[in-house]
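The values are calculated or read from the model by the stated rules, or taken from the named source; none is laboratory data. Every value quoted in this text rests on a predicted model; they were computed, and no experiment measured them. Methodologically, a virtual Cβ is constructed for each residue, glycine included, from the backbone with ideal geometry; neighbour enumeration extends over all protein chains shown.
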Amino acid sequence: MRLKKLVPALALTAAALTVVVAPAFAGKTGAPSSYKVVAWNDLGMHCACPTFAGFLLLPPFNTVRAQVLGYGGNDPVIIDSTNAGTYGVTVSYGMADNTESTLQADSYFQQWITYSPKLFPGFVPVVGGKVQGIAGNGISGNMAYDSNLKDWTAVGIPAYPLVDANSAKNVMTDPLGGANRNPYPMTNVYVKNSSGTILAQTSTVTPVAFGGCCSCHLSLASANGYPATPTGSFAYLGKMHGMNSSKIDFNYLDPTGDGTSGPIRCSWCHWDPAMGESAAPGLANVWPNYVIMAGATFTKADVKVSQYSFSDVLHRFHSQSSKVLTQYDANVATNCYDCHPGNNVNCYRGSHKAKTTLWCVDCHGNLNQRTAAGQLTQPWKASTLPSCTSASAGATPAFACHATNIVGGTVYPTSPTLFGKFINGRGHKGSIKCQTCHGSAHAEAPSTMTLDNTQLSTLQGSTSYSFPAGKDKTYALGVCVFCHSGKTSTWGVPPHQ
Amino acid sequence: MYIANNILRIAAALTVVAALAAPALAKEKARQPKAKSAEFDFKKTNAFIREMEGRPDFPVATVIANDYVYTLLAMGEKIDTGRQNAIILAAKLAQQKDGGFTPDKSSKTSSILYTDIALETLALLDAGNAIDRNKVKAFAASLKNHDGGFGFSTDARKSSLATTYYALHVLKAVNGLDAVDRGKTLEYVKGFAKKEGGFGPEKGPGRPNARSTYMAAYILNALSGMDAPTAKSALQYLESTPYLDKKSKERPDLDEQLYTIRALKEINAGNRVDKALAFNFMKRLYIKVNGGFGPLEGYGSTPDSTTTALRILSEIGKVKGVQVQVAKR
């Protein structure tokens, strides 16, 4: 019976493979003769915190993606999980700068190791002596093929800003006064055969940096009678939280019932998809035996799942609080770097920054606009992101987007697939990810930071390649012969469809 | 016919705006020679601030317009007539029916903070009369609370030291201090005094800071309520900060540096400003690559922090382009 069902299925699969693979491999026999891989970090910069004892904003969680191309004729084939199996290749990654020993010896990261099991019950941060992220990926390992997004991914690797032996790389200031750190650790991505031989490799920046929260919150704590330390800051934040409509001063929450306060995860009550959850679980569902400590002015009946997302409460409060505006920054709705990494670190550093005076708010809207447009109620959703053709809903960009379908003087056809959302969007041949050619979001090629440009400079570094005036190897992947053996070695703008 | 009428109305409105702004536009601000400094490349600073000229929505927002105007004038740079015009027009459009100003054109809720900032910008351009000053006074007065303090906006009415300061600052600028209940406001402000000396942003426990000390001192002076013991205790506190105490282990902060200088001047202790300490701090905040200044050591430059740095340099006589006007933020 099973066999009867299986035979038609196999036949269909075979037919499908013939349709899909045959054109790409017309005239080819066997596996590709060579491979190329391009990788990127999914965002321009991941935020990290120097402490985890009080509460968690974001865990160590960088996601690296890659596309792999197999060569054997004029047109390459996209290597996916199916043909990777056929050809006996694997795709893997390894952080180049973050190592097991340095991470586990880092006093800040040690806090993550200590407190993350309380923040994510059941999570084990170190397994067999190796650090792992909350999605199960460590600082090295195999990448998985994402059949929806059509790329190889390593989700949530525990990248963390490090005190680099090469002090020139330590550009990020520690808001707590510690040593400067390197916020741009690199990750290597490999294509290997079944013997472990490297067939192709590349490197991408895995940016992760401390945000600017401490620069205001330490003095805020001090001004209100608390120590100017993370602990004092958390204590005063808890008090402030207790003064809002929730009544919950989270200093009085003992999640595990061990007699000590915290640590707490904001997303227990405020939905945060950055934690991989589609809804806030609620504290009682995470820690059923949690305790409200003596002295609290609220009860368990008050500990509810909030109707507001974490992004919403965080952004809305800061942009609308007269205390923030009058005592810290009157321009906070536009000054993203007040909170997002700007401590000598550039989250936003791509070609938009190099070529124009385009600001974050042109694409995303300022905080007042984002609030008014409801963007913050659906944080991290593709629907709230800007595309190449239009800014996010509610934003009023000062500059025209690529809406005229003319880029650099070349007219492109418009279609729903062209210039969609940059992150996870695909263009060329319907297969190539935007970020494969253009680099990471917020660090689009050519980036203002040399390190970002290293990958493309290497990939397009052949002396046989030529570039028109004003362009060079740091520009988006555009030398046709890089992928198509019979085509020009002069850089151009490939079809985006 | 309908369209033609509307075109005529718009043209007439633009003519009125241009006429109102004309006196200010006639006065180009380049009274002093351009600032020079061996330590800072002000050409780069100039270019950094002028980056916003490339924006089609120039001057973008109330705060950003202020950054642009103050910084350039502080360096003795010229602002061309067209941009002055644009800034004045933007300020006029930011003034709401209630007389207050908004942070940008996307907002319709005016507040005392942005009103103060807009007034300073207009004053720097000698265009203070381009807006309805009576309405400004009415707006600020409308924020007065029973406790003697003033609120932020009609939506956020709760008093604070900062919002009370901004209200007093605005009222003084429009000759409207008669709207203040002097006794109540003095009592309200004195409630922010701290045992260490100086004033803090909150009543009750908590440390003082230079910003609040300056704000309180300004209000006390504006209402002729400053007394010797208060000034003495403020000085006592300020002497403990890293802006006067070289041995302090506290990390200095750009805003606090500015407000320390201003607070000292408000308590008639301007001679106690440690100009060398302030200047060295500015050198540490200077970002050579773009000529801007960061808010903290090791941080990148922003227009806001660069403007604050220029205010400090102006206060200690290191740039001569513009007289210190009024305090903001």
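For region A:119-132, state whether one or more residues are outside the structural domain of A:GLY439 (by TED's automatic domain parsing), crowded, with 21+ Cβ neighbours inside 10 Å, modelled with pLDDT of 95 or more and part of a helix (DSSP H, G or I). Yes, region A:119-132 contains a residue that is outside the structural domain of A:GLY439 (by TED's automatic domain parsing), crowded, with 21+ Cβ neighbours inside 10 Å, modelled with pLDDT of 95 or more and part of a helix (DSSP H, G or I). Just name the residue that is farthest from the other protein chains (Cβ to nearest Cβ) out of those in region A:345-371 that are buried (at least 24 other Cβ atoms within 10 Å of the Cβ) and among the β-branched types (Val, Ile, Thr). Taking the candidates together, the pick is A:VAL361. Any residue that is among the basic types (Lys, Arg) and either within 30 Å of B:LYS288 (Cα to Cα) or at pLDDT 95 or above (or both) - is there at least one of those in region B:108-117? No, because not a single residue in region B:108-117 is among the basic types (Lys, Arg) and either within 30 Å of B:LYS288 (Cα to Cα) or at pLDDT 95 or above (or both).
Of all the criteria given as (1) of a type outside the set (Ser, Thr, Tyr); (2) surrounded by 19 or more Cβ atoms within 10 Å (Cβ to Cβ); (3) under 30 Å from A:TRP271 (Cβ atoms); (4) in contact with a helix residue (DSSP H, G or I) (Cβ under 9 Å, 6 or more places away or on another chain), the one not satisfied by A:GLN110 is (2). Taken over region B:137-196, the residue count meeting the criterion of being closer than 18 Å to B:MET215 by Cβ, hydrophobic (A, V, I, L, M, F, W, C), within 20 Å of the chain's Cα centre (by Cα) and part of a loop (DSSP other than H, G, I, E, B) is 2. The residues of region B:110-162 that are of a type in the set (Phe, Trp, Tyr) and either more than 14 Å from chain A (Cβ to nearest Cβ) or more than 30 Å from B:ILE79 (Cα to Cα) (or both), listed by number, are B:PHE139, B:PHE150, B:PHE152. Within region A:317-334, the residues that satisfy the criterion of being of a type in the set (Ser, Thr, Tyr) and without any contact (Cβ under 8 Å) to a residue 60 or more places away in the chain are A:SER319, A:SER321, A:SER322, A:THR326, A:THR334. The single condition among (1) in a loop (DSSP other than H, G, I, E, B); (2) among the β-branched types (Val, Ile, Thr); (3) surrounded by fewer than 21 Cβ atoms within 10 Å (Cβ to Cβ) that A:ILE248 does not satisfy is (3). May I ask you to verify whether A:PRO379 is within 25 Å of A:SER267 (Cα to Cα) and within 11 Å of chain B (Cβ to nearest Cβ)? In short, no. Annotation: of all residues in region A:231-245 being within 14 Å of chain B (Cβ to nearest Cβ) and of a type in the set (S, T, N, Q), the one that is surrounded by the fewest Cβ atoms within 10 Å (Cβ to Cβ) is A:ASN244. From the list A:GLY374, A:GLY342, the lone residue that is buried (at least 21 other Cβ atoms within 10 Å of the Cβ) and among the small types (Gly, Ala, Ser) is A:GLY342. Of the residues making up region A:388-399, those that are of a type outside the set (A, V, I, L, M), surrounded by 19 or more Cβ atoms within 10 Å (Cβ to Cβ) and more than 11 Å from chain B (Cβ to nearest Cβ) are A:CYS388, A:SER392. If you go through region A:46-74 and keep only what is more than 21 Å from A:SER116 (Cβ to Cβ), crowded, with 18+ Cβ neighbours inside 10 Å and not β-branched (Val, Ile, Thr), you end up with A:ARG65, A:ALA66, A:GLN67, A:LEU69, A:GLY70, A:TYR71, A:GLY72. Only residues that are at the interface with another protein chain (Cβ under 8 Å from one of its Cβ atoms), buried (at least 21 other Cβ atoms within 10 Å of the Cβ) and of a type in the set (D, E, K, R) were counted in region B:192-212, giving 2.
B:GLY206 passes every criterion in (1) assigned to a loop (DSSP other than H, G, I, E, B); (2) within 24 Å of B:LEU310 (Cα to Cα) apart from (2).
Of the helices (runs of 4 or more DSSP H) lying entirely inside region A:292-406, those containing at least 1 residues that are among the β-branched types (Val, Ile, Thr) and closer than 30 Å to A:GLY257 by Cα span A:310-320.
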